[in-house]
1. Kyte-Doolittle mean at least 0.5 and Cα extent at least 18 Å along the axis: which DSSP H helices of the chain qualify?
2. Which of Ser82, Leu72, Phe122 sits farthest toward the positive end of the charge dipole of the chain, with +1 on the Cβ of Lys and Arg and -1 on the Cβ of Asp and Glu?
3. So between Ala59 and Lys6, what do we pick up on full extension, going 0.36 nm a residue minus the alpha carbon distance?
4. Which residues make up the longest stretch of the chain clear of GluC sites (Glu not before Pro) that lie in a DSSP loop with no more than 16 other Cβ atoms within 10 Å, not counting the sites?
5. Please get the size of the charge dipole for the chain, origin at its Cα centre, with Cβ charges of +1 on Lys and Arg and -1 on Asp and Glu, quoted in debye to the nearest 20.
6. Could you list Ser33, Ser76 in order of exposure, starting from the residue whose Cβ has the fewest other Cβ atoms within 10 Å?
7. Can you list residues whose amide H is under 5 Å from Tyr78's amide H, if they're 5+ apart or on another chain and H is modeled 1.01 Å from N?
8. Between the range 48-104 and the range 109-144, how many Å separate their Cα centres?
Amino acid sequence: MPTSRKPARLVVDANPILSALLGGNARRVFFESGVEEFAVPERVLAEARTYIPTLALKAELAADALELLLTLLPLSPYPEASYRRSIPEATRLIAHRDPGDVPPLALALHLDTPLWTNDRDFARTGVTLFTTAQLLALFFPKHS
């Protein structure tokens, strides 16, 4: 569940990264929110890279351009060794739904930091979650 307090640090799941590569609203959060750190498991970054050829075809963009955009995102990669102690708890909480979600959850648990994801599998894990829409509303409220 999100709070109304603006997070200084977020753990990022793959879907906001992929959205940002395609010019989605996630890009605004990355570059205009003032969040100090976007922590990402190295494994999630590698997963995002595997989607680049498919995204490039669908968006009719050069894969090299998307790869360059990925390197420009303000991401702080974390090796698995840095959050290894949180993996058993993350596995208990989410592996039955999606084993691929263990690394971002483990990093969020390790850093005691909210997780930015649009994936509903993370519900009921005890970690504060933010969707892209929630972050946009929090950082860029519409003035009436």
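We did not get these values from a lab; they are worked out from the coordinates using the rules stated. All of these numbers come straight from a predicted model, not from anything done at the bench. Ideal geometry is used to build each Cβ from the backbone, glycine not excepted, and the neighbour counts take in all protein chains shown.
1. TM-like helix candidates: nothing returned.
2. Projecting each Cα onto the dipole axis, the largest value belongs to Phe122.
3. 15.9 nm
4. After excluding every exposed loop site, the longest remaining stretch is 61-144.
5. 440 debye
6. Fewest-to-most ranking of Ser33, Ser76: Ser76, Ser33.
7. Under 5 Å from the amide H of Tyr78: Val40, Glu42.
8. 17 Å
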